[in-house]
Amino acid sequence: MERQELADKMTVFLRRALANKAAEIKPDVPMRDQGLSSSGRLEFFTMCEDEWALFFDGDEQDKVETFNQAVDLVMKMLSEK
């Protein structure tokens, strides 16, 4: 899967988790600074897990602050499958 295709899908997930389908996603700004709550963060990662049959451990999730970091993590995990 191409990075842009993955990022587009994850953008949809992040907007759902933010409960704002029109949200402008700033890829290098921490997601919490864009309004993502802790429960929204869990929802975002759960959607990614469900979509691509992945499992994020707590340490992996804790290291991710920005949308670009989340995309990079998912790309890495998919390449290791």
Every pair of residues 6+ apart whose Cβ atoms lie under 9 Å, when the first sits in the range 43-67 and is on the phi > 0 side of the Ramachandran plot and modelled with pLDDT of 95 or more while the second is surrounded by fewer than 15 Cβ atoms within 10 Å (Cβ to Cβ) and not in a strand (DSSP E or B): A53/K81
Residue list for the range 23-59, restricted to those being among the hydroxyl-bearing types (S, T, Y) and within 19 Å of K76 (Cα to Cα): T46
Filter result for the condition that a residue is touching a residue at least 40 places away in the same chain (Cβ under 8 Å) and either among the hydrophobic types (A, V, I, L, M, F, W, C) or within 15 Å of A17 (Cβ to Cβ) (or both), over V71, V29: V71
Count of residues meeting criterion [in a loop (DSSP other than H, G, I, E, B) and either in contact with a strand residue (DSSP E or B) (Cβ under 9 Å, 6 or more places away or on another chain) or surrounded by fewer than 17 Cβ atoms within 10 Å (Cβ to Cβ) (or both)] in the range 36-81: 9
Residue check, D72 at pLDDT 95 or above, more than 13 Å from the chain's Cα centre (by Cα) and among the charged types (D, E, K, R): no
V12 being touching a residue at least 40 places away in the same chain (Cβ under 8 Å), β-branched (V, I, T) and assigned to a helix (DSSP H, G or I): no
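The values are calculated or read from the model by the stated rules, or taken from the named source; none is laboratory data. Fair warning: this is a prediction, and the values are worked out from it, not measured in the lab. So basically every Cβ, Gly included, is an ideal-geometry build from the backbone, and we count neighbours across all protein chains shown.
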